[in-house]
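Each remark here refers to the structure printed beneath this line.
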Amino acid sequence: MHRALFRPVIALITLTVLAATAGCGTGASQTSPVRFGATQADAALHAGPPGKQSLVQWPTRPISFEEESRVGGAGGNTPIGVTTLHGPKSGFTGKVWVWAPPEYYEKRNAHKGFPVMEALPGAYGYPVNYWIGADLKLQENLAQWSKNGSSLPFIVVMPVLNPDAKQYYDGSDIPGQPKIGTWLSQDVPDLVRQNFRTLKTRDAWAIMGSSSGGFAALKNVLQHPDTFKVAIPNGPDIVPDSPLWKGHEREERENNPEVLARRLMARGGPDVYLAFQDGSREHTVLPKVRKFLARYGHGPVHTRLQIVPGGTHSAATYVQGLGEGTMRWVSAHMQGPTA
């Protein structure tokens, strides 16, 4: 189970985040609340003439997030907010971090909805999501890439991946366990829709993850293609391997990306786009990814593999890959900010 390779990296990142959250971004840690959503009055103001069809999904129930930190560079000093979400559909309660790109705050875009990326960590992904870390600079890089035209400006939502640091739940609803599949595919996207200007189309929704989070990203796009159009699986597991599936073979099969890909191909869509990323030194992972691509990268399952030279099974490798072509390919298949 190659996920173990991720644990030393995650442990280091987790300790860094917990011990020095002020280092996440360029500014000091904040305690002031932040709202990303507009009011209903604002929505009415920007709705346009009666009868005009708009792709914009206006926030329905904006809340106040705690400002965890700020991200500087590439045209803005933008906040990362955090909240504890009591998932109404999953029944699971966990932390979720959110960030909007600098373009989201620009007056010229005040009436536009934005694409969304759900970003999942590797290993247990609990109690923090390491994509908020200043060492990885995911937000800073996304801001720079959108500024230079190599990526769309994404809202990024970063939930915890598991309910504890004891077991892997495969991003799924395992019988008798917390409904993490519903949490990732419904509750977390609903939180974004309630608080941000998004778009009423699957073309504006992507999900990225690394290692165990990469499996969850891959599985969720194939399982919920009406919600997500794009997945970025980084060094992913290909099949479920949580020990919690024991005695639940039928449900395990329903959460197997190979089974889900075959079914999607058999019914002819909808089209999904899978942007795999691996380091060239991931000798255990790469053959499994290549096998999946050869078997299932046909018809409505569109695939791409970004191999990072000298890269390892690490989040830093995958950020590098995002900038070396992955985000450009992903963005070409997604809907950008639209009124």
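General remarks:
- Residues (surrounded by fewer than 24 Cβ atoms within 10 Å (Cβ to Cβ) and either among the aliphatic types (A, V, I, L, M) or over 15 Å from the mean Cα position of the chain (by Cα) (or both)) located in region 175-191: P175, G176, Q177, P178, K179, L191
- The single condition among (1) assigned to a helix (DSSP H, G or I); (2) surrounded by 15 or more Cβ atoms within 10 Å (Cβ to Cβ); (3) in contact (Cβ under 8 Å) with a residue 24 or more places away in the chain that R295 does not meet is (2).
- Taking region 330-339 as the range and being surrounded by fewer than 17 Cβ atoms within 10 Å (Cβ to Cβ) and either out of contact with any strand residue (DSSP E or B) (no Cβ under 7 Å at 6 or more places or on another chain) or part of a helix (DSSP H, G or I) (or both) as the test, only A332 passes.
- For region 302-314, the count of residues that are loosely packed, with under 15 Cβ neighbours inside 10 Å and free of Cβ contacts under 8 Å to residues at least 60 places away in the same chain is at least one.
- Filtering region 31-71 to residues that are modelled with pLDDT of 65 or more, surrounded by 12 or more Cβ atoms within 10 Å (Cβ to Cβ) and either of a type in the set (A, V, I, L, M) or more than 22 Å from the chain's Cα centre (by Cα) (or both) leaves P33, V34, A38, S54, L55, V56, I63, V71.
- Residue match in region 239-261 (condition: modelled with pLDDT of 95 or more, out of contact with any Leu (no Cβ under 9 Å at 6 or more places or on another chain) and closer than 28 Å to T198 by Cα): yes
- Close pairs from region 232-248: first at positive phi, partner crowded, with 22+ Cβ neighbours inside 10 Å and part of a strand (DSSP E or B), Cβ under 9 Å, at least 6 apart: G235/S210; G235/F276; G235/Q277; G235/D278; G235/G279
- Residue in region 126-138 that is under 22 Å from W205 (Cα atoms), without any contact (Cβ under 8 Å) to a residue 12 or more places away in the chain and not small (G, A, S) present: no
- Beta carbons closer than 8 Å, at least 6 apart along the sequence or on distinct chains, pair a first residue in region 72-90 that is buried (at least 21 other Cβ atoms within 10 Å of the Cβ) with a second that is in a loop (DSSP other than H, G, I, E, B) and of a type in the set (A, V, I, L, M, F, W, C) for T78/A100; I80/C24; G81/F36.
- Test for I180: is it out of contact with any Cys (no Cβ under 9 Å at 6 or more places or on another chain), at negative phi and touching a residue at least 12 places away in the same chain (Cβ under 8 Å): yes
- Near pairs, Cβ below 6 angstrom, 6+ apart or cross-chain, from region 105-122 (more than 19 Å from Q186 (Cα to Cα)) to any residue that is assigned to a strand (DSSP E or B) and among the small types (G, A, S): G122/S210
The values are calculated or read from the model by the stated rules, or taken from the named source; none is laboratory data. Predicted, not measured: the structure shown is a model, and the values here were computed from it. Virtual Cβ from ideal backbone geometry, glycine too; neighbours counted across all protein chains shown.
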